[in-house]
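Data block below; observations after.
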Amino acid sequence: MISDKHCIQQLAAVLLQHGICDVILSPGSRNAPLITTFTQIKEFNCLSIVDERSAAFFALGMAQWKQKPVVICCTSGSAVLNYAPAISEAYYQKVPLIIITADRPERWIGQSDGQTIDQKDIYRNYIKKSFNIPEAFTSPEEEWYCNRTINEAINSACYPEPGPVHLNIPLSEPLYGQTEETLPVVRKIELIKGERWLNESDRTILENKWKASARKLIIVGQTAPDPSLNGLFEQLAQDPSVSILTETTSNIRSEGIHTSIDNILFTLTEEETKTFSPDILITFGGQIVSKRVKAFLRKNPPKEHWFFSISGAHVDTFQCLTTLIDTSPGDILKDLAKLDHPLSAYAELWQKRDELTRFRSKEYLRNCPFSDLTVFNLITEKIPAGYVVHTSNSTPVRYAQLVSMPDHIIYFANRGTSGIDGSVSTAAGSAYASKSPTLLITGDLSFFYDSNALWNRYLTSEFKIILINNGGGGIFRIIEGPSTSPALEEYIETGHSQSARQLAEGFGVHYLSAKNHQETEFALNRLFKEKGPALLEIFTTGKLNAPILNNYFSFLKTGTKDYLRIEI
């Protein structure tokens, strides 16, 4: 039995034609025709998550992993607005979501009818396209229009770059009419993705500039795991004129690549920045976490900045963009890697500084007091092979850039909009989709903000959470400005004394805790052996973390031995 509404039948049939089967439903009455249809067709994998904000982030995690669209579906009214945070994250992270919102008939908008808001184009700044689907077909032309619209929405979610699309469906009562009919035979509009390449003239120009430059810097932002890129970058790293900077979120880790950008840049003197600055800068991927590399390149701009952008977006992060390349980076970089290497010491310059900072980092951590920094270092030593790692925003994603994350992990973070909301739900969705052991490393505010992520039936047995509880928003003691504000503790940092124990136990998640180095080491060994979902809460002293981190950077720069003198 499926809904007797023809637009719903058409929608379900076209989704199946495109191989889109994952649907996350949130309860409601206005979306009952959608729920009835999706749940009664065995090809759909339907999940039920009550909290729409959590549901959307869960879908984001699934789509991140699968690299294909996931459907979210909710009732009308404020439920629709609760999708917005995850939609904006998907938009800026280029993750495909298909948002289906049930709506009231247009004639009732603004008429004080219950659970009714203006939903048309409601996400307009954060989606690729938005469509209103007609409820009933009074002519073959209307059926054609509905089919064409649904096909267009699905194809738009995938090409030329992925992203969220919105289908809003006004539905009138009765909502629970059913039929024994099978889904209609529908038209699928196939999207054949053409290859994009540069003509010989443009390629020759780039190659000549490449060969003439003795200082080339490649920076990779957030990217999905791609094993072919690791091999390519190993080849590029052999060029003495090329230095490659990546972040944990880049998912690129190969010999000769520098993964701790901030560690290196903090050691540079004013005079040295000129020596380390490139002639040609090449970038691709999503957001860059490091503020220091942005400041470095804005102050020391290269002569050329090439940015790869299939969508044509003019992303000028470093304020020196000269060339937009409308093709995938692998195609061009593969050819550039084959060119003759010019005489240069540029790569060696970066390599020696990287080695120095790694040595000093290990020296500092060897005797560092128990803190967020030492906890992160200990976590990286204990993560078993085969884990997918997520970090929340604020301090966790930044600490992950400072310590040596294992080469064997796949790494995700919500750096599209960089909000603290949704990190737990996203990691839970990724764990569900991947069926892989998954670890979330999160701060306390981010965890408590998204604690409804534990309120669903889909937490996998190998989903683990490490919650670093420093009693508030520790990031505000680290960045410039807030730490000197008299409103810091009560209104900015928002200090608290909450623990996650009761939340975890209430949702059936095994709970562990630690408050010093020895307990943390013991608890980490236990965490990864737990047979079900588990949470380890590690308590650190918030006021210690900022001076310890500041001294860490000072030690990287000077190597002086008084680096452990902490004053609160």
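The values are calculated or read from the model by the stated rules, or taken from the named source; none is laboratory data. It should be emphasised that the depicted structure is a prediction, and the values quoted were computed from it without experimental measurement. Each accessible area value is taken on the protein alone, full model and side chains, heavy atoms only, with ligands, DNA and RNA left out. Shrake-Rupley method; radii C 1.70, N 1.55, O 1.52, S 1.80 Å.
With every protein chain left in place, what is the accessible area per residue of segment 26-130 in square angstrom, probe 1.4 Å?
Values: 4120 Å² over 105 residues.
Heavy-atom accessible area per residue stands at 39 Å².
When the Kirkwood radius is taken over all Cα pairs of segment 34-162, what Stokes-Einstein diffusion coefficient follows at 37 °C and 0.692 mPa s, in µm²/s? Before the final figure, lay out the partial values.
Details: Rh = 15.7 Å.
Stokes-Einstein gives a translational diffusion coefficient of 209 µm²/s.
With the calculation restricted to Cα positions, what are the radius of gyration and Dmax of the chain in angstrom?
25.5, 82
I need the fraction of alpha carbon pairs in segment 17-67 separated by more than 14 Å, rounded to a whole percent.
Values: 700 of 1275 pairs.
Considering segment 17-67, 55 percent of its Cα-Cα pairs are separated by more than 14 Å.
Once amide H atoms are built 1.01 Å from N in the peptide plane, which residues 5 or more positions from LEU536, or in another chain, come under 5 Å H to H?
ILE465, ILE466, LEU467, LEU512
Cα gyration tensor of segment 388-440, axes a ≥ b ≥ c as square roots of the eigenvalues: rounded (a/c below 1.5), prolate (a/b > b/c) or oblate?
In terms of gyration-tensor shape, oblate.
Where only protein heavy atoms count, and the probe is 1.4 Å, what is the accessible area per residue for segment 468-568 in Å²? Present the calculation step by step, with values, prior to reporting the outcome.
Values: 5620 Å² over 101 residues.
Normalised by residue count, the accessible surface of segment 468-568 is 56 Å².
What do you get for the angle between helix 227-236 and the principal long axis of the chain? Use alpha-carbon atoms, 0 to 90 degrees, nearest ten.
The angle comes out near 30 degrees.
Please report Rg (one decimal) and Dmax (integer) in Å for the Cα set of segment 497-561.
Cα-based Rg and Dmax for segment 497-561 come out at 16.2, 49 Å.
Could you compute Rg(Cα) / (2.2 N^0.38 Å) for segment 467-529, with N its residue count?
Dividing the Cα radius of gyration by 2.2 N^0.38 Å gives 1.43.
Above 14 angstrom, tally the Cα pairs of segment 190-254 and express them as a % of all pairs, no decimals.
68 percent
If I fit a long axis through the Cα atoms of helix 52-66 and take the longest principal axis of the Cα atoms of the chain, what angle between them do I get, 0 to 90°, rounded to 10?
70 degrees
Please list the non-local residues whose amide H lies under 5 Å from the amide H of SER48, H modeled 1.01 Å from N, same-chain partners needing a gap of 5 or more.
So SER48 has HN proximity to LEU25.
With both bridge residues required to lie in the chain, what share of the DSSP beta bridges run antiparallel, to the nearest 5%?
Restricted to the chain, the bridges split so that about 5 percent are antiparallel.
For each pair in LYS68/LYS531; LYS435/LYS531; LYS362/LYS543; LYS303/LYS334; LYS209/LYS334, compute the distance between the two Cα atoms and list the pairs where it is over 18 Å.
Correct reply: LYS68/LYS531; LYS362/LYS543; LYS303/LYS334.
Taking amide H positions as placed 1.01 Å from N in the peptide plane, with prolines and chain starts having none, which residues 5 or more places from GLY286, or on another chain, fall under 5 Å of its amide H?
The answer is GLY221, GLN222, THR223.
Sequence neighbours fewer than 8 away in the same chain don't count; with that in mind, list the lysines whose C-alpha is under 16 Å from LYS120.
LYS128, LYS129
If the cut-off is 16 Å between C-alpha atoms, which aspartates and glutamates fall inside it for LYS274, apart from same-chain ones fewer than 8 positions away?
In chain and number order, the partners are GLU304, GLU348.
Roughly how tilted is helix 423-434, in degrees to the nearest 10 and between 0 and 90, from the longest Cα axis of the chain?
70 degrees
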